[in-house]
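Taking it in order: structure first as structure tokens, then the write-up.
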Amino acid sequence: MVVKSLPKIPTIDFSEGNLNPGTSSWFSVCNDVRRALEEYGCFVALYDKISQQLRTSMFSELKELFDLPTEIKMKNVSDKPYFGYIGNHPSIPPLHESMGIENATTLEGGESFTNIIWPKGGNNHFCETVVSYSRLVSELEKMVKRMVFQSYGVEKYYDSHLGSTTFLLKLIKYRVPEMNESSIGCAPHTDKSFITVLHQNEVNGLEIETRDGDWIQFEPSPSSFLVLAGDAFLAWTNGRIHSAAHRVVMTGTKPRYSIGLFSYHNGTIEIPDELVDEQHPQQFKSFDHYGLLHHYHAAPKIESTAKDYCGV
């Protein structure tokens with residue numbers, strides 16, 4: 001019997017003090033990021049700008065948030081699919097519960113959420129913690145995006161992309177399955193974001209599908225973040241970058257808490273002419289990012305939402 005050796009998700013260190021644009025280390029990491037996203041659709045980022053105190057505070061706030069009565073959590077609503085409260089939904093595994101904070105990197109976004117959940121005076125500590133965390137994680141997202149743009153020679157589009165970017169912070173809990181209950185916490189899917197940055201507590205469960213169809217487990221550590229390319233990034237690169245399917249399988253005896261920062265874009269996303277050539281004929285046309293999300297919501301079982309929505 002031949003035992004297949006599964007690949008490991010690449011790990012890239014973003015905590016180096018000399019990781020500045022224009023330096024040799026910057027260009028080296030640019031290439032590492034692009035190759036990882038092309039081959040795996042993700043990588044583990046070592047990122048030390050989030051202090052242990054802030055990480056601990058975030059997960060403490062998460063636990064208190066999900067301990068609130070369901071009728072209070074259900075006040076978290078949005079006109080965008082999957083942006084508000086999700087719990088006891090027929091199309092979502094019952095172990096999953098999540099809430100969303102739109103424009104999470106802004107004080108207005110944080111206050112809007114807290115004033116709804118805690119209408120009598122808000123919750124200043126929760127708001128400050130969430131906004132501080134989101135802003136620091138968004139710096140990693142922006143750095144990754146800039147590296148990819150530069151690696152493909154299209155950095156001139158970076159500022160306009162950055163100007164139209166908004167961030168959704170998703171706070172997620174997966175409870176422990178009961179006797180004879182399925183261990184699936186989240187069914188296999190690809191994200192519809194441009195980039196997703198995931199951070200979780202010490203409980204395992206997240207699995208990534210390789211291009212060969214194997215599933216490899218993400219092993220969390222306190223300072224590691226999983227950076228995932230979403231379907232919008234796949235389309236923008238004209239199919240160069242891979243959008244990896246992932247799922248959550250709960251096998252332990254503790255609940256799993258996860259924090260995801262998802263970047264979305266207002267307006268139309270244009271496919272750069274520079275990324276279309278003889279070796280890479282045009283696969284996608286310009287598209288509306290939230291239109292892509294709504295398309296997935298209407299037809300979640302389509303194999304490739306991006307190809308179905310904006311494929312040529």
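The values are calculated or read from the model by the stated rules, or taken from the named source; none is laboratory data. This structure is a prediction, so every number in the text was calculated from the model and none was measured. Backbone-built Cβ (ideal geometry, glycine too); neighbour counts: all protein chains shown.
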Give the residue that is nearest to His294 (Cα to Cα), with candidates limited to residues of segment 97-116 that are among the charged types (D, E, K, R) and in contact (Cβ under 8 Å) with a residue 60 or more places away in the chain.
Glu102
Would you mention how many residues in segment 7-42 are of a type in the set (Asp, Glu), without any contact (Cβ under 8 Å) to a residue 24 or more places away in the chain and closer than 27 Å to Thr210 by Cα?
1
Odd one out for Val176 among (1) farther than 28 Å from Ser60 by Cα; (2) over 21 Å from the mean Cα position of the chain (by Cα):
(1)
Are any residues in segment 290-312 of a type in the set (S, T, N, Q) and crowded, with 18+ Cβ neighbours inside 10 Å, and if so, which ones?
Thr305
If we ask which residues in segment 266-289 are assigned to a loop (DSSP other than H, G, I, E, B) and either surrounded by 14 or more Cβ atoms within 10 Å (Cβ to Cβ) or of a type in the set (Lys, Arg) (or both), their number turns out to be 6
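Working only within segment 77-96, note down all residues that are touching a Ser or Thr at 6+ places or on another chain (Cβ under 9 Å) and either of a type in the set (Asp, Glu) or closer than 21 Å to Leu293 by Cβ (or both).
Answer for segment 77-96, where residues must be touching a Ser or Thr at 6+ places or on another chain (Cβ under 9 Å) and either of a type in the set (Asp, Glu) or closer than 21 Å to Leu293 by Cβ (or both): Tyr82, Gly84, Tyr85, Ile86, Gly87, Ile92, Pro93.
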Of Tyr85, Tyr40, the only residue that is in contact with a helix residue (DSSP H, G or I) (Cβ under 7 Å, 6 or more places away or on another chain) and surrounded by 13 or more Cβ atoms within 10 Å (Cβ to Cβ) is Tyr85
Between a residue in segment 235-249 that is surrounded by fewer than 23 Cβ atoms within 10 Å (Cβ to Cβ) and any residue that is outside any strand (DSSP E or B) and of a type in the set (Val, Ile, Thr), which pairs come within a Cβ distance under 6 Å, given they are 6 or more apart or on different chains?
Asn238/Ile271; Asn238/Val276; Ala245/Thr190
Determine which member of the set Lys156, Lys173 is among the basic types (Lys, Arg) and under 30 Å from Gly252 (Cα atoms).
Lys173
I'd like to verify a number: residues in segment 175-204 that are buried (at least 22 other Cβ atoms within 10 Å of the Cβ) and assigned to a loop (DSSP other than H, G, I, E, B), how many?
5
Across segment 290-312, what is the number of residues that are assigned to a loop (DSSP other than H, G, I, E, B) and over 13 Å from Gly239 (Cα atoms)?
5
Odd one out for Ile184 among (1) at pLDDT below 95; (2) over 28 Å from Phe113 (Cα atoms):
(1)
Would you check if Val227 is among the β-branched types (Val, Ile, Thr), surrounded by 18 or more Cβ atoms within 10 Å (Cβ to Cβ) and in a loop (DSSP other than H, G, I, E, B)?
no
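Checking the structure you have, find out if any residue of segment 71-85 is in a strand (DSSP E or B) and closer than 18 Å to Cys127 by Cβ.
No, segment 71-85 has no match at all.
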How about segment 247-257: which of its residues are touching a Lys or Arg at 6+ places or on another chain (Cβ under 8 Å) and outside any loop (DSSP other than H, G, I, E, B)?
Val248, Arg256, Tyr257
Would you be able to tell me the number of residues in segment 148-174 that are under 22 Å from Lys192 (Cβ atoms) and part of a helix (DSSP H, G or I)?
8
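Anything in segment 43-58 that is part of a helix (DSSP H, G or I) and free of Cβ contacts under 8 Å to residues at least 40 places away in the same chain? List them, or say none.
Answer for segment 43-58, where residues must be part of a helix (DSSP H, G or I) and free of Cβ contacts under 8 Å to residues at least 40 places away in the same chain: Gln53, Thr56.
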Name the residues in segment 157-174 that are buried (at least 22 other Cβ atoms within 10 Å of the Cβ) and not hydrophobic (A, V, I, L, M, F, W, C), would you?
Tyr174
